[in-house]
Amino acid sequence: MTARSKNIKVITGNTAAAYAVLRCRPDVVSAYPITPQSELVEQLAKFHADGLLDCEYVAVEGENSAQNVACAAVMAGGRAFTATSSYGLVYMYDTMLQTSGYRAPLVMVNVNREPPGIHAVYSGQQDMICTRDSGWIQIVVENCQEILDTIIMSYRLAEDYDIQLPVMVNYDGYYLSFLAESVDIPEQEDVDRFLAPLKEQPQRMKLVAGAGTGCGSHGIGMGFVEYRKKHMAAMERSKELWDKIDQDFKNEFGRGYGGQIESYRCDDADIVLVATGSAVGTARTVIDAKREQGIKVGLVKLRFFRPFPVEKLCHILKGKKAIGVLDRSICFGWNCGPVFQEVCALTRHIGIMPMLSFIDGLANMDITKEHISGMVDEIYKASQNKPYQELTWLP
Amino acid sequence: MAEKLNKLPKVTEYFCDEDQFSPGNACCPGCIMELNLRLVSKIMGKDSILLGTPGCSAPTIHGQNDRAWHKHSYYACVMTGVASSATGLARYYKKAGIDATIVCHTGDGCAQDIGIQTISGAAERNENIIYICYDNEGYMNTGVQRSSATPYGAATSTTPVGLKSIGKTTNSKNMPMIMAMHDIPYVATATLSHLEDYAKKLTKAKEMVKQGFVYLHVFCPCTVGWKVKPDSSITVCRAAVQSNYFPLWEVGNGAYRITQPVAKPKPINEMLKLIGKFNHLKDQEISVLQQQSDNRFSILQALCSIRA
């Protein structure tokens, strides 16, 4: 660990994200406010106004433009940042597809909130789920420090010459966006050093005036197929690299998050709960309590949602007696949670076992210790070959 | 040699670079959108970056074909994102200290329908970009559907003429005037029958973009969609100017000016006769269109008189 100085501030998740962006020195920030993200773009505007953030700050007229500005700035050779949530995320969807199709290494924050349909200015991960097949790398984080650290790490991943893909960093609206906790803000020179390896890599293609370069020719026939295959391959490569970047970050700053997933008390566990985001902290407390009661339960915190950490999950989940998955969103058409559905898809590698879907925390409904305790009890019941409920809506 | 040069059309004096386009043409016979783009290229220079979107200019700008292309750097956008993508490029180049002329080139469907929010936003932020709208009064590339630029009475595939329909029943948006009301450094209209007028405006645009957003609205008949003879596009352009249906004007820093005043405007019917999409119109409907055209011209004249 080379970065030693501590600069602890009690700040919200949104402010932590703003500090991360400040430290990553973007050339262009395009921003449009939306609850519960607004504080983040306001904070960046303040950094810019105070001369701390030396970038072009584009206060756009909507999220669709926010994504277009950022994508073009990246294709021209710059580092860009944008942030959104919910309605904003789906409003920029056409360009999100362009950004990933162009292999533009953009980093974007999405503060999770219920998307349009039933009007809800409340937390929920359904917005992220709506964009699952957009070709972006999607990461979900648990607390304010992890927000800050993950954004910094995301630039290392996105801009890596072998990856060149956009990264979406997700954190729960309200539960993290407005939660104030102590966050260690790294020094500028340490972040500069952490991101420096990118400069030693070959330069990616960029749009240069007068050079006859272009973005977005029609991908006709085999060119299209080749491009798609390479995109998918880059996404697969990102898994291993993310684990390495996490390790590098730990070496530099003393904080690591396990890479694609964090496994908690899983080694000797009979049953496992898989969860994401801010609910993981609550789940950890419950797991400890259940362990004291003699239930051998473990917890997997999913950090990578796209690409899905298939290998890591299989390694941990194989041989378990029952698995439960907690989703803060729903999967239309499968009558379960989306992450649950994906974990079910692992059975071809890990075999058949009872799998339980729990849908909880929609629209700011608290995911309580009691809820999670009930989930563990149900998973345990299933592991004992007793009748169990496959899908449970909470509360 | 000198004698030979003297015979060159005057518009060539405005050219600052050789033709950046390959021989050949990916457009329909008689299409002048391609002529428009070549003119833009020669005056803006080889270092300008072209932005486009799916539409008639896509084959030329970003290679939706393997026949004719150019040597400019280019950026293909979604239809909602042309002016905003241009913003991203312009802002990054500004931050990086790179000098580049950013030129958007889209049809009216993108500029004044699906992309109007992003143009309006970029204009309000006064971004340093040039936006050229080639107005062919509808979605010609996708099969001649109506847009907000389609005039009253025109037959299109989504405003067909029928027993209960005379074609489009509402007026078009006055897009160049909408852009002028953004109080941006420079707005002008142009067309291909008045090349020198257009060339002057392009030259001015290149200068004025240093101050901020520039919008050029170019009248650009579509031979296929309008049912115009392939050899008559330029004739239609001239008729539109001479009837004040499409007056040529500019506004720079608040001063409005008609750049090609017409001494004795012809009735709009002189132009309509050349265009098949108006063939079905009767006198009453033609007078509606004439009235609308006159109203617009009166507003323009009033604006021009403010500082005259």
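Read-outs: derived from the displayed coordinates by stated rules, not from any lab. Note that this is a predicted model, so its numbers are computed, not measured. Ideal geometry is used to build each Cβ from the backbone, glycine not excepted, and the neighbour counts take in all protein chains shown.
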Handout entry: Exercise: per-residue mean of other protein chain Cβ atoms within 10 Å, A:26-32
Key = 3
Practice task
Output ³J(HN,Hα) for region A:234-249: one whole-Hz value per residue in order, computed from phi by the Karplus curve 6.51 cos²θ - 1.76 cosθ + 1.60 with θ = phi - 60°, and x for Gly and Pro.
Solution key: 4, 5, 5, 4, 5, 4, 5, 5, 4, 4, 5, 4, 4, 5, 4, 5
Problem - Sequence ranges A:177-189, B:112-124, A:260-272, ranked by mean other-Cβ count within 10 angstrom, highest first - result: B:112-124, A:260-272, A:177-189
Exercise for the section: Please state the charge dipole magnitude for region A:137-242, taken about the Cα centre, from unit charges on C-beta atoms (+1 on K and R, -1 on D and E), reported in debye and rounded to the nearest 20. Expected result: 880 debye
Fill in the blank from the handout: Hydrodynamic radius by Kirkwood for chain A, inverse mean 1/r across distinct Cα pairs, in Å, is 21.4 Å
Problem - DSSP-defined beta bridges in chain A - what % are antiparallel, rounded to 5 - result: 25 percent
Fill in the blank from the handout: Place a point 7 Å from the Cα of A:Glu200 in the direction of its beta carbon; the residues of region A:233-260 whose amide N falls under 18 Å from it are A:241-242, A:244-253
Fill in the blank from the handout: Per the helix-only model, chain B has a calculated mean residue ellipticity at 222 nm (DSSP H runs of ≥4, -39500 (n - 2.57) each, divided over all residues, rounded to the nearest 500) of -10000 deg cm²/dmol
Handout entry: Spin-label pair B:Lys229/B:Glu207, simplified geometry with 7 Å Cα→Cβ offset, distance in nm
Key = 4.0 nm
Exercise for the section: Quickly work out the A:Ala233-to-A:Arg265 label distance, labels modelled 7 Å from Cα along the C-beta direction, and quote it in nm with one decimal. Expected result: 4.4 nm
Completion exercise
Projecting the Cα atoms of A:Met235, B:Tyr75, B:Gln260 onto the charge dipole of the protein assembly as shown, where Lys and Arg contribute +1 and Asp and Glu -1 at Cβ, the residue farthest towards the positive end is B:Gln260
Completion exercise
Taking only the alpha carbons of region B:161-281, the radius of gyration and the largest Cα-Cα distance, Dmax, both in angstrom, are 15.9, 53
Problem - Positive-pole candidate from A:Pro307, A:Leu317, A:Val297, dipole of region A:265-334, charges at beta carbon - result: A:Pro307
Handout entry: Long-range HN-HN contacts of B:Tyr256 with modeled amide H, under 5 Å
Key = B:Arg307
Practice task
Take the Cα atoms of region A:159-287, find their three principal axes, and give me the spread along each one in whole Å, biggest first.
Solution key: 59, 39, 30
Handout entry: Fraction of the pair-distance distribution of region A:1-157 above 25 Å, Cα-Cα pairs, percent
Key = 24 percent
Completion exercise
Along region B:224-236, Karplus-curve 3J(HN,Hα) (6.51, -1.76, 1.60; θ = phi - 60°) to the nearest Hz, with x for Gly and Pro, reads 6, x, 9, 6, 10, 4, x, 8, 10, 4, 5, 4, 5
Practice task
Which order do the peptides B:278-290, A:34-46 take when ranked by the mean count of other beta-carbon atoms within 10 Å per residue, highest first?
Solution key: A:34-46, B:278-290
Fill in the blank from the handout: Straight-line reach check, A:Lys199, cutoff 26 Å on alpha carbons, 8 or more apart in-chain or any other chain, hits among lysines -> A:Lys230, A:Lys239, A:Lys244, A:Lys250, B:Lys94, B:Lys95
Handout entry: Efficiency of FRET between B:Gln291 and A:Val225 - r from beta-carbon atoms, R0 56 angstrom, step 0.05
Key = 0.50
Exercise for the section: Note the full-extension length gain between A:Gln247 and A:Lys369 as 0.36 nm times their separation in residues minus their Cα-Cα distance, in nm to one decimal. Expected result: 40.8 nm
Handout entry: Cα Rg over Rh - region A:24-86, Kirkwood
Key = 0.94
Handout entry: Quarter of Cα convex hull surface for region A:261-393, i.e. mean projection, nm²
Key = 7.4 nm²
Handout entry: Principal axes of the protein assembly as shown: Cα extent on each, largest first, Å
Key = 98, 61, 49
Exercise for the section: Mind giving me the FRET efficiency for B:Ser305 and B:Gln117? R0 is 30 Å, r the Cβ-Cβ distance, nearest 0.05 is fine. Expected result: 0.40
Exercise for the section: Please list, or write none, the lysines whose alpha carbon is within less than 16 Å of the alpha carbon of A:Lys381, excluding same-chain residues fewer than 8 places away. Expected result: A:Lys290, A:Lys296, A:Lys320, A:Lys321
Problem - 3J(HN,Hα) from dihedral phi, region B:30-40, Karplus parametrisation 6.51/-1.76/1.60, rounded to Hz, x for glycine, proline - result: x, 6, 9, 4, 5, 4, 4, 5, 5, 5, 4
Problem - Averaged over A:45-57, number of beta-carbon atoms from partner chains that fall within 10 Å - result: 1
Exercise for the section: Using amide H atoms built 1.01 Å from N in the peptide plane, name the residues 5+ places from A:Glu56, or on other chains, whose amide H lies under 5 Å from its own. Expected result: A:Val28, A:Val29
Problem - Partner chain coverage, peptide B:117-125 - average Cβ within 10 angstrom - result: 4
Handout entry: Cα Rg, Dmax, region A:88-239, angstrom units
Key = 17.4, 53
Practice task
Starting from the amide H of A:Val183, placed 1.01 Å from N in the peptide plane, find each other amide H under 5 Å away whose residue is 5 or more places distant or on another chain.
Solution key: A:Lys9, A:Val10, A:Ile11
Handout entry: Tail fraction, Cα-Cα pairs, region A:225-314, threshold 20 Å, whole percent
Key = 47 percent
Practice task
Write down the percent of antiparallel bridges among all DSSP beta bridges whose residues are both part of the protein assembly as shown, to the nearest 5.
Solution key: 25 percent
Fill in the blank from the handout: Under the 7 Å Cα-to-Cβ spin-label approximation, A:Arg193 and B:Leu8 lie apart by a distance in nanometres of 6.0 nm
Exercise for the section: Starting from the eigenvalues of the Cα gyration tensor, five times each then square-rooted, give me the equivalent ellipsoid semi-axes of chain B, largest first, whole Å. Expected result: 29, 22, 21
Exercise for the section: Considering only DSSP beta bridges where both residues belong to region A:261-393, give the percentage that are antiparallel (nearest 5). Expected result: 25 percent
Handout entry: Of A:Ser154, A:Ser217, A:Ser134, the one that fluctuates the most in a GNM where chain A has Cα springs shorter than 10 Å
Key = A:Ser217
Handout entry: Eligible lysines near B:Lys273 by straight Cα distance, threshold 21 Å, same-chain separation 8 or greater
Key = B:Lys168, B:Lys227, B:Lys229, B:Lys264, B:Lys282
